[in-house]
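The values are calculated or read from the model by the stated rules, or taken from the named source; none is laboratory data. Bear in mind that the values here come from a model prediction, so they are computed numbers and not experimental data. Here the Cβ positions follow ideal geometry from the backbone for every residue, glycine too, while neighbour counts run over all protein chains shown. The accessibility values were calculated without ligands, DNA or RNA, using every heavy atom of the protein model including side chains. Shrake-Rupley method; radii C 1.70, N 1.55, O 1.52, S 1.80 Å.
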Amino acid sequence: MVTTDQLYSYSHTIGIYALLGRGFNNPVDMAFGKDGLLYVLNRAGPEVSQRMPYKRVTICTADEQYLGEFSSGGVEDGQLMWPSSIAIDRDGNVYVSDEALQRITIFDSRGRYLDKWGAMGRADSEFNRPSGIAFDAEDNLLVTDSLNCRVQRYTREGRFLESWGRPGRADGEFNLPWGIHVEAGGGVLIADWRNDRVQRFDAGGSHTATYGAPGDADGQFNRPAGVTTDADGNLYVADWGNERVQLLDPDGGFITKLRGESGISKWGHEYFEANAEELTERQKSDMEPELGPMAQGSSREESANVEKLFWGPTAVEIDAEGRLYVVESCRFRIQVYQKA
């Protein structure tokens with residue numbers, strides 16, 4: 001068995017908890033823009049008035065240069081309510097899906113509002129909680145329409161092209177599909193959230209493979225939220241309910257898993273330099289406490305108590321250098337791993 005250390009080593013962490021400005025607030029997804037930019041989507045629930053400004057997109061770089069943010073919570077043009085996924089088109093424009101507003105909102109690379117499209121419903125070109133989004137080779141946008149249990153394809157301008165899928169547990173059927181990834185060859189991977197599996201389709205929407213089953217053993221999933229692939233065709237799955245990332249080979253065979261190795265981010269160090277008293281209190285704390293009998297064996301309890309571990313991994317991405325990025329909603333950060 002290949003071990004995690006032979007495949008990936010922890011590189012660094014991006015992020016710190018922040019209501020606004022440099023940092024994240026319940027990040028759920030990220031996308032790579034041009035010139036090394038990262039766009040990080042902050043969901044920042046629950047939806048109460050004082051939290052509306054925290055719903056935003058953060059712009060930064062992999063080496064933690066903070067470059068700004070845009071959008072806020074609300075129902076007006078350019079605002080977000082339940083943002084779920086983010087994707088970048090070939091011109092650098094930023095697309096965000098919104099479950100509550102049943103729409104796709106479009107910004108330019110600097111965050112200026114451009115357009116929106118979508119409506120509530122079950123017919124073609126309508127949504128019931130659009131979640132994952134990804135562009136194909138023709139720059140058409142694929143959307144996992146979660147409560148309608150299907151995948152829809154649109155032009156960048158929002159013209160409906162096709163859909164596939166229906167509710168169920170059979171191959172090609174869905175129960176709350178969530179994350180989506182389009183492979184270089186055109187294949188489409190779907191994190192079939194409530195069916196606890198990942199499904200693969202060809203570019204035309206025909207089912208080609210199913211990976212995983214409900215459970216916490218190697219190769220099994222508990223509410224997978226995100227999926228991506230590397231240059232070798234290996235699959236990376238954000239196994240949200242099991243608080244881990246699993247790596248599978250192109251045929252779905254289990255290779256290894258990661259639980260998290262985070263240290264303090266650059267932004268975190270800068271914060272503690274300016275707040276010495278908080279650093280002193282932190283140094284007194286046990287960041288890896290021994291868990292009681294009731295918590296032992298529970299990945300959720302482990303992640304909630306051990307700071308370095310993934311807690312709420314919602315999305316995974318691979319950059320052009322082969323580095324793995326894991327978005328953690330509950331710890332307001334992104335862990336980055338370097339491939340050996």
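Just wondering, is there one or more residues in segment 186-200 that are of a type in the set (A, V, I, L, M, F, W, C) and surrounded by fewer than 20 Cβ atoms within 10 Å (Cβ to Cβ)?
no
Look at (1) open to solvent by 70 Å² or more (accessible area, probe 1.4 Å); (2) touching a helix residue (DSSP H, G or I) at 6+ places or on another chain (Cβ under 7 Å) and you find that Thr256 fails only one, number (1). Of the residues Ser285, Ser262, Ser299, the single one that is open to solvent by 10 Å² or more (accessible area, probe 1.4 Å) and closer than 22 Å to Ala31 by Cα is Ser262. Every condition in (1) over 24 Å from Trp311 (Cα atoms); (2) in a strand (DSSP E or B) is met by Gly185 except one, and the failing one is (2). For segment 87-102, the count of residues that are hydroxyl-bearing (Ser, Thr, Tyr) and under 26 Å from Gly186 (Cα atoms) is at least one. Of all residues in segment 324-335, those that are closer than 26 Å to Ala231 by Cβ have Cβ atoms under 8 Å from Cβ atoms of residues that are modelled with pLDDT under 95 and open to solvent by less than 20 Å² (accessible area, probe 1.4 Å), 6 or more apart or on another chain, in Leu324/Tyr8. Right, Ser146: touching a helix residue (DSSP H, G or I) at 6+ places or on another chain (Cβ under 7 Å) and open to solvent by less than 20 Å² (accessible area, probe 1.4 Å) or not? So Ser146 does not fit the description; no. Exactly one residue out of Ala209, Ala217 is out of contact with any helix residue (DSSP H, G or I) (no Cβ under 7 Å at 6 or more places or on another chain), of a type in the set (A, V, I, L, M), outside any strand (DSSP E or B) and modelled with pLDDT of 95 or more: that is Ala217. The set of residues from segment 255-308 being under 30 Å from Tyr66 (Cβ atoms) and hydroxyl-bearing (Ser, Thr, Tyr) comprises Ser262, Ser265, Tyr271, Thr280, Ser285, Ser303. In segment 29-61, what residues are more than 19 Å from Trp267 (Cβ to Cβ), in contact with a Pro (Cβ under 9 Å, 6 or more places away or on another chain) and not acidic (Asp, Glu)? The answer is Arg43, Lys55.
Report yes if Leu161 is among the aliphatic types (A, V, I, L, M), at pLDDT 95 or above and within 30 Å of Ser298 (Cβ to Cβ), otherwise no. No. For beta carbons closer than 7 Å, sequence separation of 6+ or different chains, a first residue in segment 101-126 that is more than 19 Å from Phe32 (Cα to Cα) and small (Gly, Ala, Ser) and a second that is modelled with pLDDT of 95 or more and open to solvent by 50 Å² or more (accessible area, probe 1.4 Å), the qualifying pairs are Ala119/Glu126; Ser125/Phe160.
Answer yes if at least one residue in segment 240-251 is under 23 Å from Glu321 (Cα atoms), part of a loop (DSSP other than H, G, I, E, B) and either of a type outside the set (Asp, Glu) or open to solvent by less than 40 Å² (accessible area, probe 1.4 Å) (or both), and no otherwise. Checked against the condition, which is being under 23 Å from Glu321 (Cα atoms), part of a loop (DSSP other than H, G, I, E, B) and either of a type outside the set (Asp, Glu) or open to solvent by less than 40 Å² (accessible area, probe 1.4 Å) (or both), segment 240-251 yields at least one hit. Only one of the listed residues (Ser49, Ser84, Ser72, Ser11) is of a type in the set (Ser, Thr, Tyr) and under 15 Å from the mean Cα position of the chain (by Cα). That residue is Ser84. Which of the residues spanning segment 302-333 are open to solvent by less than 60 Å² (accessible area, probe 1.4 Å) and touching a Pro at 6+ places or on another chain (Cβ under 7 Å)? Correct list: Val326, Val327, Glu328, Ser329, Phe332.
So that you can scan it fast, the table gives a plain yes or no per residue for (1) of a type in the set (S, T, N, Q); (2) without any contact (Cβ under 8 Å) to a residue 24 or more places away in the chain; (3) open to solvent by 10 Å² or more (accessible area, probe 1.4 Å):
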residue: Gly204; (1), (2), (3): no, yes, yes
residue: Gly215; (1), (2), (3): no, yes, yes
residue: Gly219; (1), (2), (3): no, no, yes
residue: Gly226; (1), (2), (3): no, no, no
residue: Thr229; (1), (2), (3): yes, no, yes
